[in-house]
Amino acid sequence: MFRISQFLKEIDQPTPAGPRRNPPGPVVIWNLVRRCNLTCKHCYSISADKDFPGELSTEQVYTVMDDLKGFRVPVLILSGGEPLLRPDIFEIARRAKAMGFYVALSSNGTLIDADNIVAIAAIGFDYVGISLDGMAATHDKFRRKAGAFDASLSALRLCRQRNIKVGVRYTMTEDNAQDLPALLQLVADEGIDKFYFSHLNYAGRGNKHRADDARHASTRAAMDLLFDSCLASLGRGEAKEFVTGNNDADGVYLLHWIATRFPDKTAHIRAKLQQWGGNASGVNVANIDNLGNVHPDTMWWHETLGNVQERPFSAIWSDLSNPLMAGLRQHPRPLEGRCGACRYRDICNGSSRVRAQQVTGNPWAEDPGCYLLDPEIGVAADDYGRRVRTTPWIKLEAVA
Ligand code: SF4
């Protein structure tokens, strides 16, 4: 995850830059259930509204939690499918909180209502993330359900009323990029604590829609809009967070934005970006799927490292006999092609290895989702025959 707000805060309130430090254990994104009441176009878990066999029992989940705690995992992100469709979700979340984990719930929001918000608030979730793909018409089309937007917006409001930290998660494609300004305005108007901008990755249903991936120029326009919106929010003294996911080249793009807008801050921001260090799949981020399979992150469901029903997570995560895991942990990673030549590997760490693998079959090839121009990454213009269009296909305006 790339925390835009954290870096833009450094413009006015610089903090000392230190060496890169890994947290004691990885953040675990746990898809506790695959069942979902929606069938979204870009779903990586290809969920459906039916029970999937072989999912972990409550007792098995507890056993895994004990192991995760012992392994010093700090954060559990309870996800799905739709996690609220798991009958024991509140028991699991309550136990996780009691054990001292930071506990987040990742939901589509349509099942959060006046009847269960009291129970949700009582658990004390540290964060609830709700997905919105755009404004009402776009969202309902993506979610393939009329009224889904209204239900999710109602959930956001219910969480706010109960003082639960809440965020909107948005995955951009060419079919919903036009809604980004309105969505940012909604987040501002509703006093929502966090905006998570996710780049489209290639996995699950997203992989089948690769042709719909937002083109690089529109990604640049979206990032400019996010930076401007975040800076304006900071200027208003708000604590709102703007973060991105699934494209660590965002850090390099931010550095160039800083160099243009705040040239005297470039060296400091560069040092802070190096401290962050870019992509952390398989290092600081882990995924357990609904069957207990462990993956380097949520976009690597085709790469299983082991199963928590057969072997503790701590043993699976510490085992580097898998070549992919060995490469992900290597520092620097064995990057090739354009990423291998890039001057900013220390900031980006090669971004999405799953995108490289899905497109070329080689997880160490260049990330095809990198939207930076050749001069921006310090490679000669003709080295790789790659160009990025310079005319954005859509003009995005900053939120006032
Ligand atoms: S070329 Fe690769 S390492 Fe460099 S910014 Fe792009 S994705 Fe990151």
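The values are calculated or read from the model by the stated rules, or taken from the named source; none is laboratory data. Since we're looking at a predicted model, the values are computed, not measured. Reconstructed Cβ throughout: ideal geometry from the backbone, glycine too, with neighbour counts over all protein chains shown. Accessible surface is based on the protein model in full, side chains and every heavy atom, while ligands, DNA and RNA are left aside. Shrake-Rupley method; radii C 1.70, N 1.55, O 1.52, S 1.80 Å.
Side notes on the structure shown:
- Residues in the range 82-99 that are of a type in the set (Lys, Arg) and part of a helix (DSSP H, G or I) were compared, and the one that is nearest to residue 62 (Cα to Cα) is 95.
- Among the residues listed as 312, 323, the single one being in contact with a helix residue (DSSP H, G or I) (Cβ under 6 Å, 6 or more places away or on another chain), away from the ligand (no atom under 16 Å from the Cβ), farther than 18 Å from residue 20 by Cβ and open to solvent by 40 Å² or more (accessible area, probe 1.4 Å): 312
- Selection from the range 331-354 of residues that are assigned to a loop (DSSP other than H, G, I, E, B), farther than 13 Å from residue 379 by Cβ and within 8 Å of the ligand (Cβ to nearest atom): 349, 350, 351, 352
- Subset of the range 100-120 (residues that are aliphatic (A, V, I, L, M), surrounded by fewer than 23 Cβ atoms within 10 Å (Cβ to Cβ) and part of a loop (DSSP other than H, G, I, E, B)): 111, 114
- Residue match in the range 267-275 (condition: within 16 Å of the ligand (Cβ to nearest atom) and under 20 Å from the mean Cα position of the chain (by Cα)): yes
- Only residues that are open to solvent by 10 Å² or more (accessible area, probe 1.4 Å) and either more than 10 Å from the ligand (Cβ to nearest atom) or not in a helix (DSSP H, G or I) (or both) were counted in the range 245-254, giving 2.
- Residue within the range 282-304 that is closer than 15 Å to residue 348 by Cβ, in contact (Cβ under 8 Å) with a residue 60 or more places away in the chain, within 14 Å of the ligand (Cβ to nearest atom) and within 19 Å of the chain's Cα centre (by Cα) present: no
- Matching entry among 362, 279 (being more than 9 Å from the ligand (Cβ to nearest atom) and not in a helix (DSSP H, G or I)): 362
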